[in-house]
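A.B. asks: I am attaching a structure below and will ask some questions about it afterwards.
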Amino acid sequence: MRVLFIGGTGNISTSVSRMAISRGVDLYLLTRGQRAVEITGAHSIRGDIKQPDQVRLLLDDLAGPDRPFDAVVNWIAFRPEDIERDLALFRGRTRQYVFISSASVYQKPPRHYIITESTPLYNPHWAYSQAKIACEERLVHAYREEDFPITIVRPSLTYDTVFPIAIGGWGCYTLADRLLRGAPIIVHGDGSSLWTVTHAEDFARGFVGLLGHPQAIGDAFHITSDEVLTWNQIYGTIADALNVDPHIIHIPSDFIMKVSPGLGAGLIGDKAWSTVFDNRKVKTLVPEFAANIPFHEGIRRTLTWFDADPVRKRVDARVNEEMDAIIAAYLGTGSKD
């Protein structure tokens with residue numbers, strides 16, 4: 001099976017790339033070459049998907065009506081214009097186009113905390129999710145009107161080389177640094193709402209099984225762990241892995257939204273609500289899928305990754321400043337405007 005990944009060396013996609021190769025997939029990675037990640041066995045293609053004329057020339061040598069890819073996966077499409085570009089590039093060049101959406105597209109606030117793929121797509125709070133919904137709608141239209149072979153996959157807070165948190169930075173070491181220093185960290189609400197975090201290796205097990213699967217065409221799936229945790233447990237587990245006692249300050253999501261609208265949108269539009277995923281649909285097509293890595297084990301793998309190279313332990317001053325400002329405002333020692 002010949003598969004093209006647009007991206008393929010990120011937090012989620014690196015695990016998927018490696019698992020795909022281990023299962024015999026003939027994998028091509030189209031990247032700008034800016035991440036120092038080696039995917040042994042993959043064919044590396046240097047190119048920028050945002051330069052479609054350049055990519056079209058590259059594709060002319062790889063895929064066409066007589067030799068299409070069995071699947072193309074775009075890991076870095078976020079807006080409807082990205083979808084329009086991909087439709088123009090990959091019509092007639094693939095038997096399956098996989099769009100990486102987001103589980104944040106599901107109804108917020110949810111009418112029921114158990115989420116299935118039939119849960120309505122509705123998020124009036126977060127622009128990121130609204131753009132993903134628009135992408136899905138455009139792809140569904142392409143499937144219905146021109147038989148463009150889509151599959152939609154919706155991850156939810158999947159981690160490997162990042163901390164799967166709501167507040168404390170993404171893709172940096174800032175939260176761990178605060179915990180190790182004894183600095184306060186923020187947990188939204190009272191920390192008792194339910195959430196799901198998924199290790200990228202578990203996600204990969206379900207995802208690879210959908211590649212080239214004829215029954216996945218025209219359909220949408222989320223792929224998550226079945227382990228359900230509270231936010232207090234998530235942050236507490238990270239602290240335990242660091243052998244520290246966390247200094248947690250619980251702050252209402254609405255208050256965080258007022259002080260920091262950018263951060264608050266991801267809470268009100270996603271993580272503030274209890275969310276548990278029903279994975280029976282993906283398990284029907286991929287019976288071998290199971291999430292085998294519990295969070296207490298997975299987060300230790302993440303910390304081991306950080307420990308392997310001090311350069312990875314980047315502390316983001318802007319994240320620290322934002323957290324300190326929210327805490328100061330909440331405790332009444334800073335501006336409440």
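A.B. asks: Would you say Ser118 is touching a helix residue (DSSP H, G or I) at 6+ places or on another chain (Cβ under 8 Å) and closer than 17 Å to Ala220 by Cβ?
C.D. replies: No: the conditions fail for Ser118.
A.B. asks: Taking the range 130-150 only, how many residues are part of a loop (DSSP other than H, G, I, E, B) and aromatic (Phe, Trp, Tyr)?
C.D. replies: Here the count works out to 1.
A.B. asks: Then there's this: Confirm whether Tyr128 is surrounded by fewer than 22 Cβ atoms within 10 Å (Cβ to Cβ), more than 25 Å from His112 (Cβ to Cβ), of a type in the set (Phe, Trp, Tyr) and not assigned by TED's automatic domain parsing to the domain that holds Ile326.
C.D. replies: Spelling it out, it is not the case that Tyr128 is surrounded by fewer than 22 Cβ atoms within 10 Å (Cβ to Cβ), more than 25 Å from His112 (Cβ to Cβ), of a type in the set (Phe, Trp, Tyr) and not assigned by TED's automatic domain parsing to the domain that holds Ile326.
A.B. asks: Also, quick follow-up: Out of the residues in the range 302-319 that are of a type in the set (D, E, K, R) and part of a loop (DSSP other than H, G, I, E, B), state the one that is farthest from Val197 (Cα to Cα).
C.D. replies: Step by step, filter the range 302-319, then rank; the result is Asp309.
A.B. asks: Scan the range 62-80 and give yes if some residue there is modelled with pLDDT of 95 or more and in a helix (DSSP H, G or I), otherwise no.
C.D. replies: Yes, the range 62-80 contains at least one residue that is modelled with pLDDT of 95 or more and in a helix (DSSP H, G or I).
A.B. asks: Next question, about the same structure. How many of the residues making up the range 129-150 are over 16 Å from the mean Cα position of the chain (by Cα) and at negative phi?
C.D. replies: Within the range 129-150, residues that are over 16 Å from the mean Cα position of the chain (by Cα) and at negative phi number 14.
A.B. asks: Sort out which residues of the range 151-183 are assigned to a helix (DSSP H, G or I) and either hydroxyl-bearing (Ser, Thr, Tyr) or at pLDDT below 95 (or both), and write them in order of number.
C.D. replies: Thr174
A.B. asks: Run down Glu297, Glu322 and say which single residue is closer than 25 Å to Ile251 by Cβ and not hydrophobic (A, V, I, L, M, F, W, C).
C.D. replies: Just a single option satisfies the conditions, and that option is Glu322.
A.B. asks: Continuing with the same structure: Give the residue that is farthest from Asn74 (Cα to Cα), with candidates limited to residues of the range 4-24 that are in contact with a Ser or Thr (Cβ under 9 Å, 6 or more places away or on another chain) and among the β-branched types (Val, Ile, Thr).
C.D. replies: Residue satisfying both the conditions and the ranking: Ile21.
The values are calculated or read from the model by the stated rules, or taken from the named source; none is laboratory data. This structure is a prediction, so every number in the text was calculated from the model and none was measured. Virtual Cβ from ideal backbone geometry, glycine too; neighbours counted across all protein chains shown.
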